[in-house]
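A short worksheet on the structure shown next.
Every read-out reported here was derived from the displayed coordinates using simple, explicitly stated rules and does not represent laboratory data. Note that the structure is predicted; figures quoted are calculated from it, not measured. We place every Cβ from the backbone using ideal geometry, glycine too, and count neighbours over all the protein chains shown.
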Amino acid sequence: MIKKKTMIVSIAAMIMISSLTACQKTRDETESGEWQRERTVEKTTIDTEISGTEQETIPQGNADLLAFLTDSPEYKASAEWREFDDGYDTDFAILEQVGNEPVDPEYEYEAYCCYSPEMEEKIDEICEKYSLSKLSGFQIADDYNDLCSKAGIGDFCERASENVKQTILSSYMYDGAFLMEGIAALAGSSIHEVSYQFSCVVKGYFTSAYLDFGDLAECNVRAYTTKKGENVFFANIINEDWGSKTYIIIDREKSFIVINVLGDMTDITDVNDESLELLADAFNFTAIP
């Protein structure tokens, strides 16, 4: 059966890092006490004071530190799919003919918001070209502990510490690859709340838009070592169409981890911001293979 979806979902799927959201089932968002809030985070003033951490900021246009990602078959596959999709069904005529019928749970292309034979053929072509497997086995996690159990990973999220308090909103996965959404309150030289999307991309699988950041060659990058001794990269990309985006990127043995920073930090252009360090320190990345 061919995947059928609404026009709005189709658009969102290919331009946001939360690709799984585009193929989403209804999500349950957990709310608790003083942390209850709307998903649209109200922007507040951000303290952009440079921290005392002595780390090098790579000049804009030099993405050498991210070569582990940009040279990967997973990233190249994602980029090729985006190029195809940008030029496919631009007037939504095919989508309108397909309609919005429920998809068969066993549909081979369910993870890719696919709704035509041409899209199926392109997915197969990309997987063969880059020796990647298609994602399958969609699951919704009941809570954070259920996510860790179903994804086969350890406790990676520090939910309460001296400088950070986190609340997990929702999460779901395909074949161990998952997207988790949460809120963190960061207490540095100033206190503010930030929402984020935590994506884990399993190496060896084609993930259509997890790795779709735009042009990483046009970004500022800084390497940072967390308090747990883990190497991460802060990347800020400024695009004339959608403004500034900030990511925390980690290379693991069997996966790529990408934290899409939202909310109060969407206007950060200085990767030396202490808030990024506080957020990175709130995770134990070694718990994820």
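Odds and ends about this structure:
- Length gained on full extension, GLU158 to GLN139, computed as 0.36 nm times the residue gap minus the Cα-Cα distance: 4.5 nm.
- Spread of Cα-to-Cα distances over 5 Å intervals beginning at zero, given as percent, for segment 57-213: 1, 8, 14, 15, 16, 16, 13, 9, 5, 2, 0
- Extending 7 Å from the Cα toward the beta-carbon at both ALA287 and ALA223 defines two label points whose distance is 2.7 nm.
- Whole-percent P(r), segment 78-160, all Cα pairs, 5 Å bins from 0: 3, 11, 18, 17, 15, 13, 11, 8, 4, 1.
- Tail weight of P(r) past 15 Å, computed on alpha-carbon pairs of segment 84-128, percent: 45 percent
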